[in-house]
Amino acid sequence: MSAIRSALDEMTATAEDTMTLDELHADVVELTHVRQMIEVLLARRIGALADRDGHIEMGYPSPTAYLAHQGRMSPGHARRVVANANAAETAPASFAAWEDGRVSTDQAVQLFALAEALPDVFPMAEETIVEIIEDLTVPATARALEYWRQSVDGPSDLDPENQMMRRGVSLSKTTQGMRRIDGWLTAVAGEALEVALGALLPPPDVDDHRTPRQRRHDALEDLALAHLDHGNTPVVGGEKPHIMPVTDLDALRGLAGGIHETLDGEVIDVDTLRRIACDASITRIVLGGNSEILDVGRKTRVWTAAQRRAIIARDRHCTAPGCERPPDWCDIHHVDHWACGGTTSVDKGKLFCRFHHIREHIAERLRRRMRERIEG
């Protein structure tokens, strides 16, 4: 072990910016092989320790608990290592192929899981299966193994009836207004969602520092808002479903102390409110004392259909530098917000996709604060 540590210390001491691309490539490839060798060796060692009840002697109830503590692993990671160790007996040909480097760790894990799921039939076909997948990629391996599994065991999660029983999505609201989404999609629903989100995920520009998770979130938001704006949604109470913020003029002007919340009482930030109001239908409701409704004005459109068509014809896409999101995925932004005296005219509106619309309102808020500091 000391020799391994010494070699790793020597490699760690070499700064990557002093290496050529060929050297970096060679090291990456070799390190992946070494990593697999270490994973195999770890599985063999923990298997031998468990066979002698070493974990019990050291005060742990299971090999998984031992690994989780001693190796600082998550319970799931520790369970996978123990499962790999057990595969030396339940799937010896697969373990040998993993040890020899004929299959990768990701392929071996799939083989081990199949051996565990089908202990009666897998041993008879194991060597043939290993030969078939040796030259396959990891996704191709998954497909080949699933086809074989179905041929001997029938449908599993791919069975439409099973998927329909398991399908479901949970949407829960946190105390701060954020939502948590969790669930299982059928293969068809999952594919449809991936395709829809993929269409809304153009390559990020150099100024787009969102994580992949954040970009998928924003694409999902675009998808939902586009459906509300343009989809064939059912009419409820004489209107199509829509987001209904409640506000007053102070909040629209970006002043402190105003009202900015949704119809069900959830407070939203002023910047989000002003962004929504850039391209929305507005209904005026005048309240008297004790919230008595004195007058309900006719719903009006901030931007008329003709104005929107004119702005689309001029801008063609999001006007942020380097962004070409199409008009259907864009809002019309007031260059000078109408609540602060700006006019709703074609020359004072521009197309922004929702990502850049949010960024513009954040920048606007920062500019406003800077002016206040200078003037104050």
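The values are calculated or read from the model by the stated rules, or taken from the named source; none is laboratory data. Computed from a predicted structure; not experimentally measured. Note that we place each Cβ from the backbone using ideal geometry, even for glycine, and neighbour counts take in every protein chain shown.
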Would you mind telling me which numbered condition in (1) over 23 Å from residue 150 (Cα atoms); (2) aromatic (Phe, Trp, Tyr); (3) without any contact (Cβ under 8 Å) to a residue 60 or more places away in the chain; (4) assigned to a helix (DSSP H, G or I) residue 112 fails?
(1)
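Per-residue answers, yes or no, for (1) surrounded by fewer than 19 Cβ atoms within 10 Å (Cβ to Cβ); (2) at pLDDT below 80; (3) in contact with a Cys (Cβ under 9 Å, 6 or more places away or on another chain):
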position: 283; (1), (2), (3): yes, yes, no
position: 309; (1), (2), (3): yes, yes, no
position: 318; (1), (2), (3): no, no, yes
position: 324; (1), (2), (3): yes, yes, yes
position: 337; (1), (2), (3): no, yes, yes
position: 372; (1), (2), (3): yes, yes, no
For segment 80-103 the number of residues that are surrounded by fewer than 17 Cβ atoms within 10 Å (Cβ to Cβ) and not in a helix (DSSP H, G or I) is 2
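Results for (1) without any contact (Cβ under 8 Å) to a residue 60 or more places away in the chain; (2) in the same structural domain as residue 329 (by TED's automatic domain parsing); (3) hydrophobic (A, V, I, L, M, F, W, C); (4) closer than 25 Å to residue 330 by Cβ, shown as yes or no for each residue.
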| residue | (1), (2), (3), (4) |
| --- | --- |
| 184 | yes, no, yes, no |
| 197 | yes, no, yes, yes |
| 201 | yes, no, yes, yes |
| 211 | yes, no, no, yes |
Checking the condition under 30 Å from residue 137 (Cα atoms) and either touching a residue at least 12 places away in the same chain (Cβ under 8 Å) or out of contact with any Pro (no Cβ under 8 Å at 6 or more places or on another chain) (or both), which residue from 73, 58 passes?
73
For segment 15-55, which positions are surrounded by fewer than 11 Cβ atoms within 10 Å (Cβ to Cβ) and not in a helix (DSSP H, G or I)?
15, 20, 52, 53
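A quick yes/no check of all residues on (1) modelled with pLDDT under 85; (2) out of contact with any strand residue (DSSP E or B) (no Cβ under 6 Å at 6 or more places or on another chain); (3) not assigned by TED's automatic domain parsing to the domain that holds residue 261:
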| residue | (1), (2), (3) |
| --- | --- |
| 129 | no, yes, yes |
| 135 | no, yes, yes |
| 139 | no, yes, yes |
| 148 | no, yes, yes |
| 156 | yes, yes, yes |
| 159 | yes, yes, yes |
| 169 | no, no, yes |
| 172 | yes, no, yes |
Checking 2, 94 in turn, the sole residue that is polar (S, T, N, Q), without any contact (Cβ under 8 Å) to a residue 12 or more places away in the chain and either out of contact with any strand residue (DSSP E or B) (no Cβ under 6 Å at 6 or more places or on another chain) or closer than 23 Å to residue 126 by Cβ (or both) turns out to be 2
For segment 213-227, give me the residue count where each residue is free of Cβ contacts under 8 Å to residues at least 24 places away in the same chain and within 19 Å of residue 322 (Cβ to Cβ).
3
Give me a count of the residues in segment 122-155 that are among the hydrophobic types (A, V, I, L, M, F, W, C), loosely packed, with under 15 Cβ neighbours inside 10 Å and under 14 Å from residue 91 (Cα atoms).
1
